[in-house]
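So the structure is just underneath, and the comments pick up after that.
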Amino acid sequence: MSIPQEDSRQKLLEVDGEYERLAREHSEYETRLERLSKSPYLSAEDLLQEIELKKRKLRIKDRMEQIALVRGGRAREGR
């Protein structure tokens, strides 16, 4: 990721409530996945939870990318 993209994402975090909420959820899912990955044994339920968390995390990341493209582009254009 380039520096201008990081700057626009930081601005989105500061001014866009939806983007900020999604970033927080993404981070929460990442933390839960890290916790699961440290477990020496995963039950079938844990494995299903891991799959679901990965799917949710990816959906959120996709939505954040959409927001960054649409709203980030507007911010650069001065709208």
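The values are calculated or read from the model by the stated rules, or taken from the named source; none is laboratory data. All values reported here derive from a predicted model rather than from experimental measurement. Ideal geometry is used to build each Cβ from the backbone, glycine not excepted, and the neighbour counts take in all protein chains shown.
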Screening GLU30, GLU65, GLU50, GLU20 for residues that are in contact with a Lys or Arg (Cβ under 8 Å, 6 or more places away or on another chain) and not small (Gly, Ala, Ser) leaves only GLU30
Check on LYS55, assigned to a helix (DSSP H, G or I), at pLDDT 95 or above and touching a His at 6+ places or on another chain (Cβ under 7 Å)
no
